[in-house]
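Step one of this worksheet: look at the structure below.
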Amino acid sequence: MLFMTIAEYIANQLFNHGVKFVFGIPGGPSIPYMEAFKAAGIEFILTSNEASAGIMADVTARLTGIPGVCHATFGPGATNIATGVGGALLDRSAVIVFTSEIADNMINRTTQMNINHQKLFEPLTKATFRLNRDNVVEVMESAIRICQESYPGPVHIGLPSDISGIDIETSSEEGFLAETTFFHNDIQKILSMLEKSRRPLLAVGLTAARLGIQNELLEFIDRYRMPVVITPMAKGLIPEDHPCYAGVLFHSLSDYLEDIYEKTDLVIGLGYDPVEFNYESWKPDVPLIHFDTIESDLPDGAGVIRYTGPAREWFSILKNLNISSLIFDQSFIKGIRNEMDSVFNGFTSHFGPSAVLKILQDELPGNVILTCDVGSHLHLVGQFWKTHGKSKIIMTNGWSGMGFGIPAALAAQINKPDATVVCITGDGGFLMMAGEMITAKRYNLPVIVVVFSDGELNLIKVKQSWNDISPYGTILYQDDLFGADNFFGITVIRADSHESMRTAIIEALSDNEPVIINAVIDPEDYKWLIVRR
């Protein structure tokens, strides 16, 4: 048997499962845990806002496959970090969130900073626990297992303020057995639907991207040659120039895809997570076969059938498509894709978001890690950024919280220190997380933050225009966002033309430190390129 303090045990369990960083803002009761983390070889990354700590843990899990870990103190620390934790829930990331909690003798008393953390985190997590000296081993084992089970998501652990130094007895042979789940799949009905289909459409989503089935997917569509649409968070799973690639659902000009829907007789959802975009928001009135790892909720209807199981079984079943009878014309798919690109390129002659995006594509290295905040610009990035199967886009779509871009970029740079990491954010998103530029400077993270500056919450303005409402409550500032060539001691490069934008990117790439590019754009493109929903 082994003896160690609760703080030491938690730190050692995290380290043994590959955790290298804990993100957060400490309170007084956090100190013993921070010391234990340091002794175990885990670095505590201080953020400017607890919400950022949750986002950074989320992105860490996405990039490494190891649970991301974040921490906050009582009350306001917990409510702040909840925003990032909600992102991990609906964007499906394995995260463990620790919060300090009031000691047992005061937990039900009126006292400073005291709220019920279990009730706070219950709707935001897969599970929430409050530690005590008797349940530490069980809770840590459960949290590490639950956060990684499909769908992955966050688990909350409350740390009473007076237990960190308590000695506990642990076994050196700890472990847990995964439960086996059996699903009732109507294989014969699925096979019949596949055999009858002549013009199937493949819809690929977040679960497929998370499972990393790119090779199997490309091999399948190379053989069966059907059109493929993807959800935004599956961006990069299929090269944009692949003959079967049609486009991204929900994002810019996705209404052009309706020409494909009209010719479809079956939709096959492959790792499609409805949290991004519900089927009924776009699917034509044809049968649906939904392949997933869990039994997710779907629209009711006689033409909807589920298959639940591992990805290797999906492709085995899909081989029952009658390949000799499939009749989709790939030139038709390419024609739609080319038409969308042509419309987008038609907006690049003036200095708007389309031009900035195209210049970034031209000047940045092909394997860049791009993080993208929420806003009008995301609709353009999601549809028209070319990954070529090399670059990676990190976004939030299930949660869709503004302010995601900057902390996501910092987490990417921390976990991939040799990568070129670029954040695209609107000025609204930047203002929400501007304090994290100090975090970038503190840890010398050479991220390039490109701010699409138009002085407004453009996506809200566009939606107001759809309803014939004059813009109201959307103006962020007058004149220039920065008004100087530095922000918190970080270089700010202003770009207001094609030439100055190219120069700014070249300069930013040559600096081994964080840089802000203030791209002062004409937002008119958005009015024409964003699809009304």
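The values are calculated or read from the model by the stated rules, or taken from the named source; none is laboratory data. Nothing here was measured: the structure is a model prediction, and the numbers come from that model. Please note: Cβ atoms are built from the backbone with ideal geometry, for glycine as well, and neighbour counts cover all protein chains shown.
Checking Glu295 against (1) in a loop (DSSP other than H, G, I, E, B); (2) modelled with pLDDT of 95 or more: exactly one of these is not met. Which one?
Against the list (1) in a loop (DSSP other than H, G, I, E, B); (2) modelled with pLDDT of 95 or more, Glu295 comes up short only on (2).
I'm told Phe430 meets every condition in (1) buried (at least 20 other Cβ atoms within 10 Å of the Cβ); (2) free of Cβ contacts under 8 Å to residues at least 24 places away in the same chain except one. Can you identify the failing condition by its number?
Of everything listed in (1) buried (at least 20 other Cβ atoms within 10 Å of the Cβ); (2) free of Cβ contacts under 8 Å to residues at least 24 places away in the same chain, Phe430 misses just condition (2).
Test Arg109 against the stated conditions and say whether it is part of a loop (DSSP other than H, G, I, E, B), assigned by TED's automatic domain parsing to the domain that holds Gly54 and in contact (Cβ under 8 Å) with a residue 60 or more places away in the chain. Give the steps one after another, and end with the answer.
Values: part of a loop (DSSP other than H, G, I, E, B): yes; assigned by TED's automatic domain parsing to the domain that holds Gly54: yes; in contact (Cβ under 8 Å) with a residue 60 or more places away in the chain: no.
Considered against the rule, which asks whether it is part of a loop (DSSP other than H, G, I, E, B), assigned by TED's automatic domain parsing to the domain that holds Gly54 and in contact (Cβ under 8 Å) with a residue 60 or more places away in the chain, Arg109 comes out as no.
Scanning for something surrounded by 22 or more Cβ atoms within 10 Å (Cβ to Cβ), assigned to a loop (DSSP other than H, G, I, E, B) and touching a residue at least 60 places away in the same chain (Cβ under 8 Å), does the stretch 51-68 turn up at least one residue?
Within the stretch 51-68, the subset surrounded by 22 or more Cβ atoms within 10 Å (Cβ to Cβ) is 51-62, 67-68.
With assigned to a loop (DSSP other than H, G, I, E, B) added as a condition, the list becomes 67.
Filter again for touching a residue at least 60 places away in the same chain (Cβ under 8 Å), leaving 67.
Within the stretch 51-68, one or more residues are surrounded by 22 or more Cβ atoms within 10 Å (Cβ to Cβ), assigned to a loop (DSSP other than H, G, I, E, B) and touching a residue at least 60 places away in the same chain (Cβ under 8 Å).
Tell me, yes or no, whether the stretch 146-155 has at least one residue that is of a type in the set (A, V, I, L, M) and touching a helix residue (DSSP H, G or I) at 6+ places or on another chain (Cβ under 9 Å).
If we filter the stretch 146-155 for residues that are of a type in the set (A, V, I, L, M), which is where we start, we get 146, 155.
Subsequent filtering for residues that are touching a helix residue (DSSP H, G or I) at 6+ places or on another chain (Cβ under 9 Å) retains 155.
Yes; the residues of the stretch 146-155 include at least one that is of a type in the set (A, V, I, L, M) and touching a helix residue (DSSP H, G or I) at 6+ places or on another chain (Cβ under 9 Å).
Restricting to the stretch 510-533, name every residue that is surrounded by fewer than 16 Cβ atoms within 10 Å (Cβ to Cβ), out of contact with any Ser or Thr (no Cβ under 9 Å at 6 or more places or on another chain) and not in a loop (DSSP other than H, G, I, E, B). Spell out how you get there, then give the answer.
Going residue by residue through the stretch 510-533, those that are surrounded by fewer than 16 Cβ atoms within 10 Å (Cβ to Cβ) are 510-513, 522, 524, 527-528, 531-533.
This time we only want the ones that are out of contact with any Ser or Thr (no Cβ under 9 Å at 6 or more places or on another chain), so: 510, 512, 522, 524, 528, 532.
If the condition is that a residue be surrounded by fewer than 16 Cβ atoms within 10 Å (Cβ to Cβ), out of contact with any Ser or Thr (no Cβ under 9 Å at 6 or more places or on another chain) and not in a loop (DSSP other than H, G, I, E, B), then Ser510, Glu524, Trp528 are the ones that fit.
The conditions are (1) farther than 22 Å from Gln383 by Cα; (2) not in a loop (DSSP other than H, G, I, E, B); (3) not small (Gly, Ala, Ser), and Pro417 fails exactly one of them. Which is it?
Checking Pro417 against (1) farther than 22 Å from Gln383 by Cα; (2) not in a loop (DSSP other than H, G, I, E, B); (3) not small (Gly, Ala, Ser), the one that fails is (2).
At least 3 residues that are under 22 Å from Cys372 (Cα atoms) and outside the structural domain of Gly65 (by TED's automatic domain parsing) in each: list the helices (runs of 4 or more DSSP H) lying fully within the stretch 197-271 that qualify.
Details: elements: 206-211, 214-224, 258-261.
Qualifying helices (runs of 4 or more DSSP H): 206-211.
How many of the residues making up the stretch 285-295 are surrounded by 15 or more Cβ atoms within 10 Å (Cβ to Cβ) and either among the hydrophobic types (A, V, I, L, M, F, W, C) or without any contact (Cβ under 8 Å) to a residue 24 or more places away in the chain (or both)?
5
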